[in-house]
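Data block below; observations after.
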Amino acid sequence: MTTLVWLRDDLRLTDNAALSAAAEDPDGIVVLYLLDEVSEHIRPLGGAAKWWLHHSLHSLQQSLTHFGIPLVLRSGAAEEVIPAVVTECAADRVFWNRRYGPAREHDAKLKAVLRQSGVAAHSYPGDVLFEPWTVTSQSGEPYQVYSAFWRTCTSGRDPAVPLSVPKHLKSSQNLAKSESLDEWRLTPSAPDWATGIASRWQPGESAAQQKLEEFLETRAQRYSRRDFPSEDTGSELSPYLRWGEISPRQVWHRTLRTGGDVGLFLGEIGWREFAKHTEFHLGPLHKRNLNSRFDAFPWRLKTDEAFVAWKSGRTGFGIVDAGMQELWQTGFMHNRVRMITASLLTKNLGFDWRLGEAWFWETLVDADEASNPFNWQWVAGCGADAAPYFRIFNPDLQQKKFDADGAYVGKWAPYSLTLPKIIDLKSTRTHALQAYHGLAR
Ligand code: FAD
């Protein structure tokens, strides 16, 4: 017997249900990561995400080496590569952790094909606290409002207790051939994303655990100040959660063990969960407005100098320019600043949210197929339980309130203070509201 474990957004050894189940195979396992850049249902990774993936896989390779297990790297479409690897290593079982986006249908087909050919294919719970079909309203419908969703999630049951690293991890004698991580060229040199990103981040499972511990020991007590971008009170766990170097169940249980006032922080994990469940119920979120009333909204669809000024942090609005610089230089942006930059782009500058979403997708190390479009739609007003359209952030007031001493703007975009502002906030706001009121009810 050989069991093939197919890893995807779960690049860790702890709390990995598929890996734990596979480890029970006395004849050993083969561990595979598949880079699929050809299937239409897989959204191609952005540059910053690729950088993260490269280092995450490198870290995983090192962890598996302790157990004498090579990480098999292959590229191509799953429906072709998985059966080929199954044959190469004579596997009779294939295990993976579930995904809840558009990949789900394809996973189900693959499972059926493998089973027809006599291979036992099994999937296990993926990167959520609760599987989406288990959280519904009393009438059995999916929730559309976060507060009701989260109340149900948090009343009564606990997410599954995380699993330890399997005791008996052993390589199969039957190996499959592997491509080389360096040949995948996931770390581009032009532009050199790696310089700024690498000085801020260390991908990998043990770095994820350290990040959580460090957050709980220090910044968690000041988490209520999370809206102030220069105070660094966020956990910075989002890329680790995105790549599954830590699971939300691990974050949940470890956080509750420390005690204290952790409700706000876990509530944010709840927003991540809500985005995943919404994607499961409503399909891919980055293409269509969740509120179809916005299909007629007169957004600007073509990028021009104003878009380039936004993207490169040259709008003359200090907090927006600082956020866009933080993003470009480190692959990350503070949450409140994400909201302010997205609001300026979609409401004052009037661009389609999909253009901004695509830029974040390219540049965020935590770019997530559910959270990114979900939040863009939330800010733009067309999403699930979205901010009301008339809530248009005023970046000057936001800066006064959340960066009063100018520490954040001074760090990332001191030059912005001398730039002319590219638009007049008042007239663009009026224009946006007129466009909104012009939509049919
Ligand atoms: P913390 O405040 O420490 O929160 C803990 C965890 O909760 C985060 O790591 C994250 O996993 C989750 N979380 C927090 N806020 C949200 C939220 N609003 N929606 C979903 N999950 C949340 N988050 C991503 O993980 N990937 C994205 O691609 C992404 N794109 C965004 C785009 C826009 C326009 C906006 C407004 C928000 C976006 N977010 C995204 C949500 C949020 O900004 C980040 O999760 C957060 O800034 C990460 O910092 P942190 O880990 O310190 O968060």
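Just one residue in the set S20, S117, S63, S56 is touching a Pro at 6+ places or on another chain (Cβ under 8 Å), closer than 24 Å to S206 by Cα and surrounded by fewer than 21 Cβ atoms within 10 Å (Cβ to Cβ); that residue is S20.
The C-beta contact set for the stretch 92-121 (first residue free of Cβ contacts under 8 Å to residues at least 12 places away in the same chain, second residue not in a loop (DSSP other than H, G, I, E, B), distance under 7 angstrom, 6+ apart or interchain) comprises R115/A121. Considering only residues that are closer than 22 Å to S230 by Cβ and in contact with a Ser or Thr (Cβ under 6 Å, 6 or more places away or on another chain), which ones fall in the stretch 404-441? Hits for the stretch 404-441 are A407, Y408. Restricting F351, F390 to residues that are hydrophobic (A, V, I, L, M, F, W, C), open to solvent by less than 10 Å² (accessible area, probe 1.4 Å) and more than 10 Å from the ligand (Cβ to nearest atom) narrows the list to F351. Residues in the stretch 319-338 that are within 16 Å of the chain's Cα centre (by Cα) and within 9 Å of the ligand (Cβ to nearest atom) were compared, and the one that is most open to solvent (accessible area, probe 1.4 Å) is N335. Here H122 meets each of (1) touching a Phe, Trp or Tyr at 6+ places or on another chain (Cβ under 6 Å); (2) open to solvent by 20 Å² or more (accessible area, probe 1.4 Å); (3) at pLDDT below 95 with one exception, condition (3). Scanning the stretch 356-374 for any residue that is touching a residue at least 12 places away in the same chain (Cβ under 8 Å), more than 17 Å from the chain's Cα centre (by Cα) and more than 18 Å from P102 (Cα to Cα) turns up nothing. All conditions in (1) more than 14 Å from the ligand (Cβ to nearest atom); (2) modelled with pLDDT under 95; (3) open to solvent by 40 Å² or more (accessible area, probe 1.4 Å) hold for S206, with the sole exception of (2). Condition check for M1 on (1) touching a Lys or Arg at 6+ places or on another chain (Cβ under 8 Å); (2) open to solvent by 50 Å² or more (accessible area, probe 1.4 Å); (3) closer than 28 Å to G283 by Cα: one failure, at (3).
When each of G267, G259 is tested for being open to solvent by less than 50 Å² (accessible area, probe 1.4 Å) and modelled with pLDDT under 95, the lone residue that passes is G259.
Go through the stretch 210-219 residue by residue and tally those that are more than 9 Å from the ligand (Cβ to nearest atom) and either open to solvent by less than 20 Å² (accessible area, probe 1.4 Å) or not charged (D, E, K, R) (or both). Residues meeting the conditions: 4.
Residues in the stretch 357-371 that are within 7 Å of the ligand (Cβ to nearest atom) and open to solvent by less than 10 Å² (accessible area, probe 1.4 Å): F360, L364, A367. Checking each residue in the stretch 317-365 for being touching a Phe, Trp or Tyr at 6+ places or on another chain (Cβ under 7 Å) and of a type in the set (D, E) picks out E326, D352, E357. Do you know which residues across the stretch 54-110 are part of a helix (DSSP H, G or I) and among the hydroxyl-bearing types (S, T, Y)? Those that are part of a helix (DSSP H, G or I) and among the hydroxyl-bearing types (S, T, Y): S56, S59, S63, T65, T87. So, in the stretch 269-303, of the ones that are without any contact (Cβ under 8 Å) to a residue 12 or more places away in the chain and either in a loop (DSSP other than H, G, I, E, B) or within 16 Å of L129 (Cβ to Cβ) (or both), which residue ends up nearest to the ligand (Cβ to nearest atom)? Step by step, filter the stretch 269-303, then rank; the result is R288.
Among residues belonging to the stretch 129-153 that are surrounded by fewer than 16 Cβ atoms within 10 Å (Cβ to Cβ) and β-branched (V, I, T), point out the one that is farthest from P102 (Cα to Cα).
V145
Which one of the conditions (1) surrounded by 15 or more Cβ atoms within 10 Å (Cβ to Cβ); (2) in contact with a strand residue (DSSP E or B) (Cβ under 6 Å, 6 or more places away or on another chain) does H106 fail to meet, given that it meets all the rest? Going through the list (1) surrounded by 15 or more Cβ atoms within 10 Å (Cβ to Cβ); (2) in contact with a strand residue (DSSP E or B) (Cβ under 6 Å, 6 or more places away or on another chain), H106 breaks only (2). Of all residues in the stretch 220-245, those satisfying the criterion of being near the ligand (Cβ under 10 Å from one of its atoms) and under 30 Å from L7 (Cβ atoms) are A220, G234, S235, E236, L237, S238, P239, Y240, L241, R242.
The values are calculated or read from the model by the stated rules, or taken from the named source; none is laboratory data. These numbers come from a predicted model, not from an experiment. Glycine gets a Cβ as well: all are built from the backbone with ideal geometry, and neighbour counts include every protein chain shown. Calculation scope for accessible area: heavy atoms of the full protein, side chains included, ligands and nucleic acids excluded. Shrake-Rupley method; radii C 1.70, N 1.55, O 1.52, S 1.80 Å.
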